[in-house]
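One structure is given here, and the rest of the page talks about it.
The values are calculated or read from the model by the stated rules, or taken from the named source; none is laboratory data. Keep in mind that what you see is a predicted model, and the values were worked out from it rather than measured. We place every Cβ from the backbone using ideal geometry, glycine too, and count neighbours over all the protein chains shown. Just the protein is used for accessible areas: all its heavy atoms, side chains included, with ligands, DNA and RNA removed. Shrake-Rupley method; radii C 1.70, N 1.55, O 1.52, S 1.80 Å.
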Amino acid sequence: MPGSSQRKGAIRKKPKGNPTAGSGGRVRRGLEGRGPTPKAEDRVKHPAHKRAKAKERAQERQRSRPDRKSNDSGTEWVYGRNPVVEALRAGVPVAALHVAEGTERDARLREATLIAVEHGISVLEVPRTELDRVTAGGAHQGVAVQIPPYEYAHPDDLLDRAYAAGEVPLIVALDGVTDPRNLGAITRSAAAFGAHGVLVPERRTASMSASAWKTSAGAAARIPVARATNLNRALKSYKDAGLMVIGLDMDGAVELPDLDAATEPLVLVVGSEGKGLARLVRENCDLIVSIPMTTATESLNAGIATGVTLYEISRRRAG
């Protein structure tokens with residue numbers, strides 16, 4: 001308009017000294033405290049959060065899943081008078097005692113029959129040709145026992161067992177241990193030193209046979225042995241649940257007495273005596289531990305090495 005001091009469309013300059021627009025409280029809120037620090041279990045990236053979530057999943061599985069135990073295919077036979085008596089004395093689970101018709105009843109056969117009767121095991125008199133068939137022509141001496149397939153647990157069951165007891169998980173995993181006597185000895189040590197179970201892969205490993213059962217001295221009845229289709233996948237699952245995976249190997253960078261992680265949730269992986277840990281299994285380990293020995297040329301078999309390591313872990317946890 002004529003006489004107006006402002007032209008239409010002109011940009012109005014901001015007068016000097018004009019106060020800055022308000023921050024809407026952002027500055028004040030930025031200076032305020034953020035409240036108490038969340039508990040470790042509530043922090044998503046904290047190991048305690050992973051363990052808590054794994055425990056919840058384990059409890060949910062326990063409530064909702066069906067029985068996940070699996071069986072070996074086929075039935076094992078132990079035959080010969082001395083092996084049969086030893087198996088019965090050791091408490092190996094036996095389905096039936098088979099005695100060939102016309103077999104001489106010596107002291108060993110009488111003892112086997114007595115143990116079977118005392119434990120409710122069926123005693124069956126069968127044709128000698130039948131024993132020849134089931135033992136594939138072995139030297140059965142007229143007597144054999146039928147061992148039912150071992151019922152393996154699921155890998156998750158071992159974690160469930162630890163959580164149910166309110167204890168820090170400790171699991172022993174075997175990589176390439178093919179001697180059933182070593183499996184039995186490791187199972188015995190695992191039970192003695194507070195482990196919650198033993199994990200074996202499905203292939204290229206010893207199975208829980210009568211020999212392993214006897215070597216365990218009954219521990220196989222007290223502690224579960226689980227079987228994994230893929231050992232590396234099972235180890236990764238345990239790591240996701242907050243467990244540390246440590247491998248046992250004579251070339252380990254950390255010596256057993258210096259294992260500060262002994263009190264943490266652990267999976268102890270034991271390799272074969274000849275080859276040690278497989279490459280992929282070693283890569284999945286968070287730490288490789290060795291047992292110090294006075295002579296470099298000496299080595300311990302898998303069963304003894306596992307017992308020594310479990311003892312040290314147990315001692316550290318008790319302290």
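Counting only other residues whose beta carbon sits under 12 Å from that of GLU111, what net charge do I get with K and R as +1, D and E as -1? Don't skip to the end; give the middle numbers.
Working: positive: ARG81, ARG89, ARG105, ARG108, ARG110; negative: GLU86, ASP106, GLU118.
Net charge around GLU111: +2.
Taking only the alpha carbons of the stretch 170-242, we obtain Rg and Dmax values of 11.7, 35 Å in that order. A protection proxy built from the mean count of other Cβ atoms within 10 Å ranks the segments 267-276, 116-125, 250-259, 186-195, most packed first, as 186-195, 267-276, 250-259, 116-125.
At 1.4 Å probe size, with the rest of the protein present, what percent of the exposed accessible area of the stretch 235-319 is carbon and sulfur atoms? Carbon and sulfur together cover 50 percent of it.
Annotation: extensible slack from GLU151 through ASP240 equals 29.4 nm (criterion: 0.36 nm per residue apart, minus Cα-Cα distance). Let a ≥ b ≥ c be the square roots of the eigenvalues of the Cα gyration tensor of the stretch 274-319; is it rounded (a/c under 1.5), or, if not, prolate (a/b larger than b/c) or oblate? It comes out oblate by the Cα gyration axes. In the context of the full set of protein chains, the stretch 179-244 has a per residue accessible area of 40 Å² (1.4 Å probe). Projected label points at ASP106 and VAL123, each 7 Å from Cα along the beta carbon direction, are separated by 1.8 nanometres.
Checking the a/c ratio against 1.5 first, then a/b against b/c, what shape does the Cα gyration tensor give for the stretch 203-319?
rounded
Rounded to the nearest 20 debye, the dipole magnitude of the stretch 199-319 is 620 debye, with +1 charges on Lys and Arg beta carbons, -1 on Asp and Glu beta carbons, and the Cα centre as origin.
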